[in-house]
Amino acid sequence: MDVSKLSVAVIGGGIIGLATALTLADRGHAVTVYDPDPASGATRHAGGMLAPTAEVVYKQEPLFPLMQAAAQWYPELVALTEKSSTKPTGYRTDGTLVVARDRADNTHLEELREYQSLHGMEVERLTTRQARSLEPALAPSLAGAVGIDGDHQLQPRLFTQSLIDACANASVEFRAAEITDVSEVDADQVLISAGLGAADITGWYEGKNPLDLRPVYGDIIHVSVPEHQYPLLTRVVRGFVEDRPIYLIPREDRTLTIGATTREDGRENPQVQGIYQLLRDAIEICPAIEECDFLEADAGARPGSPDDLPYLGRVSDRVTVSTGYFRHGILLAGMAARCGAELVEQIAPSISLEACDPWRHRRDS
Ligand SMILES: Cc1cc2nc3c(=O)[nH]c(=O)nc-3n(C[C@H](O)[C@H](O)[C@H](O)COP(=O)(O)OP(=O)(O)OC[C@H]3O[C@@H](n4cnc5c(N)ncnc54)[C@H](O)[C@@H]3O)c2cc1C
């Protein structure tokens, strides 16, 4: 087999499959993406924060280096996309503010800042006056704020359209087909990047599927900022309101994304309670949101794993798995694309993927 030019079948065209397909095509391989409806999964519903620092969760240390590497490599992925497509990506590097609604939220923010600093992340304590001079639309009564310059954003629906366009221009073939068994596809190498759908793809293991994937739903809202108020915000604003996390993502098309809840109730539609809570908390942080036009209430399912870490690794001489990106898949695409391509080429990945072993939750061994 000529490893410098492989035929690669990518099963699943969400952000992970598309970004990896483009990277593989750029490295000279013949790539086919199989997906009945590309970019229709979790990626379509995501907020699009690229937040290796603000998204830190206590006791998830194995995730941190993956998130940091992804953020570091993101400009490369965006540049690769822009090399083959002129479509907009919504990629912005204006930084992030995190604010606290009341004193208890401020204590939480300060504890988190200490934890982030302990892990070498750059977080700047700001007075609420400083925060409001950066973002005058913030509520005057906030209790605290920090600035995180290294946390960025993109617009997932735009970015996947530019990735699809870039892939097509880089000779990636698209087939509108659902694959249920990897032996159905004729290719030197296969990448399973089907998000939650990976749980139903067979042909690469004995017994039960070792991937322990579950849908973790999130409600999310899109509003439009009236012309006279634009730009309401100029950077991502995250907040804690009575300990509930919330984020507001301003876009260049005058929309604002407000997200996101976390629930495991199996209900696919946006839930009234979640939407109400998001709007109420968003207005607490930025009162002028009351005057925005309501555009869309949406909900999507994150592909969760038991330890919140992805499944990324080779599982046979022909198959590589890349799924389970849970709440960080937009960010982690910056890492998954590069390391996924390296795994397909059977070369050492640029970062240790030991914590991402696809077999680690195998139940029948
Ligand atoms: C409300 C919400 C907000 C989020 N916000 C953020 C955020 O701000 N930042 C962040 O980093 N992450 C965020 N996420 C998480 C992120 O969206 C996911 O981790 C990421 O989109 C996963 O991408 P994926 O390509 O693995 O899966 P998906 O986007 O789900 O794509 C899987 C694709 O595989 C296809 N497929 C499935 N089965 C098959 C099959 N058998 N054969 C062929 N194709 C198949 C599907 O059609 C789909 O197109 C959010 C998620 C949600 C729901």
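We did not get these values from a lab; they are worked out from the coordinates using the rules stated. Computed from a predicted structure; not experimentally measured. Glycine also receives a Cβ, built like all others from the backbone with ideal geometry; neighbour counts cover every protein chain displayed.
Count Lys and Arg as plus one, Asp and Glu as minus one, and take only other residues whose Cβ is under 11 Å from that of PRO140; the net charge is then +2. Summarising the amide proton neighbourhood of VAL216: residues at separation of 5 or more, or on other chains, whose placed amide H is nearer than 5 Å comprise ARG302, GLY304. Normalised by the number of residues in the range 221-302, the average gap of Cα pairs under 8 Å and 6 or more apart makes the relative contact order 39 percent. Converting phi to 3J(HN,Hα) with the Karplus coefficients 6.51, -1.76 and 1.60 and the offset θ = phi - 60°, the range 283-292 yields 5, 4, 8, 9, x, 5, 4, 3, 8, 6 Hz in sequence order, with x at every glycine or proline. In terms of packing, defined here as the mean over residues of other Cβ atoms within 10 angstrom, the peptides 113-120, 173-180 line up highest first as 173-180, 113-120. If you run the Gaussian network model on the chain, springs between alpha carbon atoms under 10 Å, then out of ALA46, ALA194, ALA69 the most flexible one is ALA69. Computed over the range 41-145, relative contact order equals 28 percent, with contacts defined as Cα pairs under 8 Å that lie 6+ residues apart. For the chain, modelled as a GNM whose springs connect Cα atoms under 10 angstrom apart, the maximal fluctuation among MET121, MET335, MET67 occurs at MET121.
For the range 254-347, a Kirkwood radius taken over Cα pairs fed into Stokes-Einstein (10 °C, viscosity 1.306 mPa s) yields D = 98 µm²/s. Karplus-based coupling profile of the range 314-319, in residue order and whole Hz: 7, 10, 7, 6, 10, 10, with θ = phi - 60° in 6.51 cos²θ - 1.76 cosθ + 1.60 and x standing for Gly or Pro. Just so you know, the Rg over Rh for the chain is 0.98, from Cα atoms, with Rh as the Kirkwood radius. Sorted on the mean count of surrounding Cβ atoms within 10 Å across their residues, most packed first, peptides 143-155, 49-61 read 143-155, 49-61.
This model, with +1 at the C-beta of Lys and Arg and -1 at the C-beta of Asp and Glu, gives the chain a dipole about its Cα centre of some 340 debye.
Per-residue packing, averaged as other Cβ atoms within 10 Å, sorts the ranges 210-220, 286-296 into the order 210-220, 286-296, beginning with the highest. Placing +1 on the Cβ of every Lys and Arg and -1 on the Cβ of every Asp and Glu, with nothing else charged, gives the range 194-294 a dipole about its Cα centre of roughly 180 debye. Counting only the Cα atoms, the range 113-205 fills a convex hull of 232 Å³ per residue. Taking Lys and Arg as +1 and Asp and Glu as -1, the other residues whose beta-carbon sits under 14 Å from that of LEU343 total -2. In summary, the convex hull built on the alpha carbon positions of the range 178-319 has an orientation-averaged projected area of 11.3 nm².
The phi-based Karplus calculation (6.51 cos²θ - 1.76 cosθ + 1.60; θ = phi - 60°) puts the 3J(HN,Hα) values of the range 297-306 at 10, 9, 8, x, 10, 7, x, x, 10, x Hz, whole numbers, x for Gly and Pro.
Dipole of the range 251-330 computed with +1 at Lys/Arg Cβ and -1 at Asp/Glu Cβ about the Cα centre; of GLY324, GLN271, LEU312, farthest Cα towards the positive end is LEU312. Where is the GNM fluctuation largest for the chain (alpha-carbon springs, 10 angstrom cutoff): PRO303, PRO65, PRO250? Sorting by GNM fluctuation, first place goes to PRO65.
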